[in-house]
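K.L.:
Here it is, the structure in full.
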Amino acid sequence: MSERFECDWLALREPADAAARDRTLAARARDGLAARPKPLRIADLGAGSGANPRFLAPYLPGPQHWRLVDHDPQLLNRAASRVVGVRDADGTPIRFEACRLDLSDPSAAITDDTDLATASALLDLVSDAWMHALAGRCAEVGCAALWTMTIDGDWHFTGPDGDRIQDGDDAAILSLYQAHQARDKGLGRALGGAAPKSLRAAFADHGFNIAEAPSPWRLLPGQRQPLALALVDGWRDALLEQAPEEARRIEAWWRNRRAGIQAGRLGIEVGHVDMFAEPSP
Ligand SMILES: C[S@@+](CC[C@H](N)C(=O)[O-])C[C@H]1O[C@@H](n2cnc3c(N)ncnc32)[C@H](O)[C@@H]1O
């Protein structure tokens, strides 16, 4: 099965991702790339509607040439219109090409001249074998890598101070949802929340120096409500797909938690991890 992502969903998540992404790793990427010959060649895997270059390009030295890789032509068209005018750290507009490509073979996406391979919100969809192929390809090419917004498998509701709210039903629902995340999304049995561990192991095995930082979404009650509501609605759909026999329980849970979000009583925290990996000298 191949996963499709809606423009609306990507538009909802873009500002939350931009708020959550770890700036120190973006700065490490900037420093790590400074000595490379220019223009910098950057491959963005699963580029979607272009959120990653829109966030990252202004942190990095220029000139930059981005290769935006995705299998969805509609998203690529949207990306192409949204990265026009995005500038590098020196104020020069970035250059880019949109590549319609299936990511089943990471080697095709990461060309021999790549300086930085990157992705945002992709790596929970891939398998452990794919992750090792990715790290192998990055090592072969000698590029650095910045992987952001990789889910760590945890989400929970929060109160006004960000305090965790999770009853037995929430915990049972979470583990049902984690089973859904492990389904094949087109790139093998998906890692879901196990992605950060697999990513770390794959790049360490290939001799990269690794730096990691958490990048959770912290959606406090009453904040980013459209995103929080879209999240619980998406969880409900996934849960019904995973366990249709538990529909009554899932619907009751969903109605209750959705009402809490709508009333501004509940927020949501979703765990993510960012990672920068540099080839050893
Ligand atoms: C969660 S979205 C993230 C999009 C974007 N990076 C962002 O941060 O908004 C995952 C992206 O991966 C792409 N994708 C998923 N599976 C793919 C595959 N097998 N080949 C190419 N692209 C794929 C989807 O089309 C989608 O654009």
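K.L.:
Based on DSSP, what percent of beta bridges with both residues in segment 1-150 are antiparallel, to the nearest 5?
P.N.:
Of all bridge pairs located within segment 1-150, approximately 5 percent are antiparallel.
K.L.:
Calculate how many DSSP beta bridges within the chain are antiparallel, expressed in % of all such bridges and rounded to the nearest 5.
P.N.:
50
K.L.:
Further question on the same structure: Tell me what the chain gives for mean residue ellipticity at 222 nm when only DSSP H runs of n ≥ 4 count, each as -39,500 (n - 2.57), the sum divided by the residue total, rounded to 500 deg cm²/dmol.
P.N.:
-13000 deg cm²/dmol
K.L.:
Find how much the distance from ARG30 to ARG87 grows on full extension, using 0.36 nm per residue of separation minus their present alpha carbon separation; answer in nm with one decimal.
P.N.:
Gain on extension, ARG30 to ARG87, equals 19.1 nm.
K.L.:
Right, here's the next one. Roughly how many Å is it from the Cα centre of segment 163-215 to that of segment 122-139, as a whole number?
P.N.:
Taking the Cα centre of each part, segment 163-215 and segment 122-139 sit 13 Å apart.
K.L.:
Could you list MET275, MET149 in order of exposure, starting from the residue whose Cβ has the fewest other Cβ atoms within 10 Å?
P.N.:
The order, fewest Cβ neighbours first, is MET275, MET149.
K.L.:
For the chain, find the longest principal axis of its Cα atoms and tell me its angle to the long axis of helix 247-262, 0 to 90°, nearest 10.
P.N.:
70
K.L.:
Which residue, THR111, LEU101, VAL126, has the largest displacement toward the positive end of the dipole of segment 86-137 when charges sit on each Cβ (Lys, Arg +1; Asp, Glu -1)?
P.N.:
LEU101
K.L.:
Let me ask you something else. Using 18 Å as the cut-off for backbone N distance, which residues of segment 43-61 belong to the label zone defined by a point 7 Å from the Cα of ASP105 along Cα→Cβ?
P.N.:
It comes to 45-46, nothing else.
K.L.:
Further question on the same structure: Can you find, among PRO216, ALA182, ALA201, the residue farthest towards the positive end of the dipole of segment 165-281? Put +1 on the C-beta of Lys and Arg, -1 on that of Asp and Glu.
P.N.:
PRO216
K.L.:
Length gain on complete extension for the stretch GLN262 to GLN225, per 0.36 nm per residue less the alpha carbon to alpha carbon distance?
P.N.:
On the way: separation 37, 0.36 × 37 = 13.32 nm, distance 0.72 nm.
Additional length available on full extension: 12.6 nm.
K.L.:
Continuing with the same structure: Suppose every K and R has +1 on its Cβ and every D and E has -1 on its Cβ; what is the size of the dipole of the chain about the Cα centre, in Debye to the nearest 20?
P.N.:
Charge dipole, the chain, about its Cα centre: 640 debye, nearest 20.
K.L.:
Given H placed 1.01 Å from N in the peptide plane, which residues other than close sequence neighbours of ASP152 have an amide H under 5 Å from its amide H?
P.N.:
Long-range HN contacts for ASP152: GLY271, HIS272, VAL273.
K.L.:
Still on this structure: Using Cα atoms only, what is the angle between the long axis of helix 168-181 and the major principal axis of the chain, expressed in degrees (0 to 90) to the nearest 10?
P.N.:
With both axes taken from Cα atoms, the answer is about 40 degrees.
K.L.:
Quick one: which residues, 5 or more positions from ARG183 or on another chain, have an amide H under 5 Å from its amide H? H modelled 1.01 Å from N in the peptide plane, none for Pro or chain starts.
P.N.:
For ARG183, the qualifying residues are ALA190.
K.L.:
OK, next. Can you grab the distance from the C-alpha centre of segment 263-281 to the C-alpha centre of segment 31-52, Å, no decimals?
P.N.:
Taking the Cα centre of segment 31-52 as reference, the centre of segment 263-281 is 20 Å away.
K.L.:
Starting from the exponent 0.38 and prefactor 2.2 Å, build the expected Rg for the chain from its residue count and divide its actual Cα Rg by it. Each step should come with its number before you reach the end.
P.N.:
Details: Rg = 18.9 Å, N = 281, 2.2 N^0.38 = 18.7 Å.
Expressed relative to 2.2 N^0.38 Å, the Cα Rg reads 1.01.
K.L.:
Using 0.36 nm per residue of separation minus the Cα-Cα distance, give me the extension gain between ARG255 and ALA179 in nm, one decimal.
P.N.:
Value of the extension gain: 25.2 nm.
Each reported figure results from applying straightforward, stated rules to the coordinates on display, with no laboratory input. Predicted, not measured: the structure shown is a model, and the values here were computed from it. Using ideal geometry, Cβ is built from the backbone for each residue, glycine included, and neighbour counts are taken over all protein chains shown.
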